[in-house]
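Read-outs throughout are calculated quantities, based only on the coordinates presented, and are distinct from any laboratory measurement. These numbers come from a predicted model, not from an experiment. Cβ: placed from backbone, ideal geometry, glycine included. Neighbour counts: every protein chain shown.
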Amino acid sequence: MNYFLKFVTTLILAFTSVNLNAQDEQPMIGQKAPLFELKTSEGKIYSLEQLKGKYVVIHFAATWCPFCNAEAPFLEELYQNYSGKNVQVVIVDVKEDKSLVQKLQERFNFSFPLLLDEDGSVAAKYAPEGVQPALARHEVPIASNLIIDKEGMIRFYSLLNTAGFDAKLTKLKQRLDELLSATD
Amino acid sequence: MIMIYSSFIFLIYILSFDNQTDTDSVVRVTVPEIKVQAGKIAKINVHVSVEKGYHIQANKVNDEFIIPTTLEINTPITIITGEKAFPEGKKFRLEGTSDSLLVYDGNFKITIPFKTDKKIKKGRYNLEGKLQYQACDAKTCFFPKTVAFSVAIKVV
């Protein structure tokens, strides 16, 4: 019975630890960012490959996503403050009609590209394995932010956390500053 | 002893999936049967239950891009529905901003008054309804979804 209790305690501790770590752990860090080539609503093509040599901030969004819209002005602000530091910001809009995305552009007047992932295949590639397994893969990265480094590696990945929502992108900027200062 | 270990491991496995509910079950809709006399007014009570840990956008939203919770019921010409009454949404503050959303969580009720035609035949009528919603939980926001339900009206 003593062994059984030890076994149970070990399992509970291991289980709790996995769940706690899952809160803070960023997925896909150090992995090669999946390549993509997407169009803006005006038809201009952008590929991750062509942005190689820059730090790329990617935000996955949908017009109906309230957290994405709350972050939108801060993404523009981030672009204004960091575009001179070899940083490119892009929004990847997931599975929506071009006309809706154009409305979003009109509302926030983004100075950076708003890309259309019409079939959700790019978002699906960025869905971390094992995260929200019950969801369609293209749904998982909605409202997430990533930093891809100059070599195309994922260096920051924040999934949405509505309880500790970071609309002002504080953690992303902090990580970006660290990366930029390391390459100065 | 092996059986106890196996059962325990299985239990742990099941518990680890407790917050990964299938999005189709985030919202459940139930409508009790309504009995009404021909030519009289009655109410359809649509009971909506939002899974714990989730919220859906309210019917009145404060942003044009937000998908509000809406409800449609197909009615025959002998049943005329009035204005749907949705509850008021609860304020959900978007951390770190001055913005807030209006949302529903837990259980709430939407009521729809209706009137039957005087000449409607006695019997059971099954109406088809649809509730459209957009849900979020602590980790993600889900694509807008529609849940279908039926409304049984018995004309007596």
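Odds and ends about this structure:
- Inter-chain shielding of A:134-140 (mean C-beta neighbours from other protein chains, 10 Å cut-off): 4
- Comparing B:Leu127, B:Phe149, B:Asn62 along the charge dipole axis of the stretch B:21-155, the residue lying farthest to the positive side is B:Leu127, per the Cβ-charge model.
- Under the span-like rule (Cα at least 27 Å along the axis, Kyte-Doolittle mean at least -0.5), DSSP H helices of chain A: A:2-24
- Counting every C-alpha pair in the protein assembly as shown, the share spaced more than 25 angstrom apart comes to 61%.
- Distance violations [Cα-Cα > 22 Å] among A:Lys54/A:Lys171; B:Lys109/B:Lys145; A:Lys39/A:Lys95; A:Lys173/B:Lys52: A:Lys173/B:Lys52
- A Cβ-based charge dipole, computed about the Cα centre of the stretch B:72-131 with Lys and Arg at +1 and Asp and Glu at -1, lands at about 580 debye.
- Charge tally for A:Ile91 (other residues, Cβ to Cβ under 11 Å; Lys, Arg +1; Asp, Glu -1): -4.
- Peptide A:54-67 has a mean of 4 when you count, residue by residue, the C-beta atoms of other protein chains within 10 Å of its C-beta.
- Above 21 Å, the calculated P(r) of the stretch B:71-156 contains 47 percent of its Cα-Cα pairs.
- Note on the stretch B:114-156 and the stretch A:139-184: Cα centroid distance 42 Å, given to the nearest whole angstrom.
- Under 12 Å from the Cα of B:Lys130 - aspartates and glutamates, other chains or at least 8 residues apart: B:Glu72
- Summing Cβ point charges (Lys, Arg +1; Asp, Glu -1) relative to the Cα centre of the protein assembly as shown gives a dipole of roughly 1680 debye.
- Shown in residue order for the stretch B:100-112 are the 3J(HN,Hα) couplings computed by the Karplus curve 6.51 cos²θ - 1.76 cosθ + 1.60 at θ = phi - 60°: 9, 9, 10, 9, 10, 9, x, 10, 8, 10, 10, 10, 10 Hz (x for Gly and Pro).
- FRET efficiency for the A:Ala163 to B:Thr78 pair, using the beta carbon distance and R₀ = 45 Å, is estimated at 0.35.
- Net charge of neighbours whose Cβ lies under 11 Å from the Cβ of A:Ala124, counting Lys and Arg as +1 and Asp and Glu as -1: 0
- MRE, 222 nm, helices only [DSSP H, n ≥ 4, -39500 (n - 2.57), over chain A, to nearest 500]: -12500 deg cm²/dmol
- The mean number of partner chain beta-carbon atoms within 10 angstrom of a residue's beta-carbon across peptide A:156-162 is 3.
- FRET E, pair A:Asp177, B:Lys43, Förster distance 41 Å, beta-carbon r, rounded to 0.05: 0.10
- With all pairs of separate Cα atoms included, the stretch B:11-156 yields a Kirkwood hydrodynamic radius of 16.9 Å.
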